[in-house]
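Here is the structure we will look at, set down as structure tokens.
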Amino acid sequence: MDAKLNTLLKWGIENSVPGTTTQSAEASTTPTTNGTSSSSTAIAARAPAPYSSSDKDPSTHLLKDSSNNILTPSEAAGVAAPRSQLNPEVLAALFGGPSEAELMKAAIAVITCPTTTSQNDDGEGATLENKLIAFDNFEQLIESLDNANNLENLSLWAPLLSLLSDSEAEIRRMAAWCVGTAVQNNARTQERLFAMGGIPQLVALATSPNEPEAVRRKAIYALSSAVRNYQPSMDAAVDELTKLQKHDAGKQVDATDMDAVDEVMNALKRRVSAAAAAATKV
């Protein structure tokens, strides 16, 4: 179910009055002793009494009809209006909130702004924690095929790929993760990543001994998603790995052969595991 509709449904259930519908239905069908339906009686009971010319103040008369207690106009003025039970989430669903495209742009804006140790009052910076939260939200948004394809229209590929070389390892890890999510089983985004020069960046992250293990593994995940069933990226990855002596020269890999692709990716993973094991012994 759509999230907005689900929110409205939940609100409606939580704020309904138990038994009201049933009681109303019973009241409308229960016969009276004179053979007529009680619904007419109920309607008559709810109808306001006609205004009589003997009433000097019509507003006072209406107050009598709407309350068991008689309120004068001055007393009625002091009665507070009932508070709305609509929360901001429901209001956003009713009147429209930011689109997913706007949320994607906002997330990247937070991630690419200067990093601060505490949130600036002027809002020009964001803490690392807030950036990672924004990145997590962004990754969930681009799980949608439409949103992933919209990265090009929103001009978000360039800032996303620039984050692969960010000074913070956690930012590099999240950037690689988002690239992998965006290109997974998606020829259109695979083509964009290749055209933007993203394959050499991912290979560099996946093979660098100076990168943390978590960053390298996410880079391998992104690389694996980028090359499967897309030969130009597979060829580019093989060329980069050959330059780094991480792949046999002249040995081409068919991007549609999943076993062959797995062989290349598993070799990279073994190197990461070996480097991690060596680091623990030091």
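The values are calculated or read from the model by the stated rules, or taken from the named source; none is laboratory data. Here the structure is a predicted model, which is why all the values come from computation and not from measurement. Note: ideal-geometry Cβ built from the backbone for every residue, glycine included; neighbour counts use all protein chains shown. Each accessible area value is taken on the protein alone, full model and side chains, heavy atoms only, with ligands, DNA and RNA left out. Shrake-Rupley method; radii C 1.70, N 1.55, O 1.52, S 1.80 Å.
Label-to-label distance, Glu102 versus Ile133, with points set 7 angstrom from Cα along the beta-carbon direction: 2.0 nm.
Considering only Cα atoms, the convex hull volume of segment 136-267 works out to 96 Å³ per residue.
Between Gln245 and Ala158, the contour length at 0.36 nm per residue exceeds the alpha carbon distance by 28.5 nm.
Highest mean packing comes first when the peptides 131-141, 239-249 are listed by Cβ atoms within 10 Å, giving 131-141, 239-249.
Around Ala214, what is the net charge, scoring Lys/Arg as +1 and Asp/Glu as -1 over all other residues with Cβ under 11 Å from its Cβ? It works out to a net charge of +2.
Label separation (Ala204 vs Ala276): 2.4 nm, computed from points 7 Å beyond Cα along the C-beta direction. The listed residues Arg172, Arg217, Arg192, once ranked by accessible area (1.4 Å probe) with the largest placed first, stand as Arg217, Arg192, Arg172.
Cross-link check: pairs Lys105/Lys131; Lys131/Lys281; Lys131/Lys246; Lys246/Lys269; Lys131/Lys218 evaluated at a Cα-Cα cut-off of 23 Å; pairs beyond the cut-off: Lys131/Lys281; Lys131/Lys246. Full extension of the chain segment joining Asp146 with Thr256 gains 37.2 nm, where the gain is 0.36 nm per residue of separation less the Cα-Cα distance. Spin-label model, Asn266/Arg188: points 7 Å from Cα along the beta carbon direction are separated by 3.4 nm. Would you mind classifying segment 116-168 by shape? Square roots of the alpha carbon gyration tensor eigenvalues, ordered a ≥ b ≥ c; an a/c under 1.5 is rounded, otherwise it is prolate if a/b is larger than b/c and oblate if not. Since a/c reaches 1.5 and a/b is larger than b/c, the shape of segment 116-168 is classed as prolate.
Among rounded, prolate and oblate, which fits segment 146-217 when a ≥ b ≥ c are the square roots of the eigenvalues of its C-alpha gyration tensor, a/c under 1.5 means rounded, and a/b larger than b/c means prolate? The shape class here is prolate.
With all protein chains kept in place, the per residue accessible area of segment 156-221 amounts to 38 square angstrom at a probe of 1.4 angstrom.
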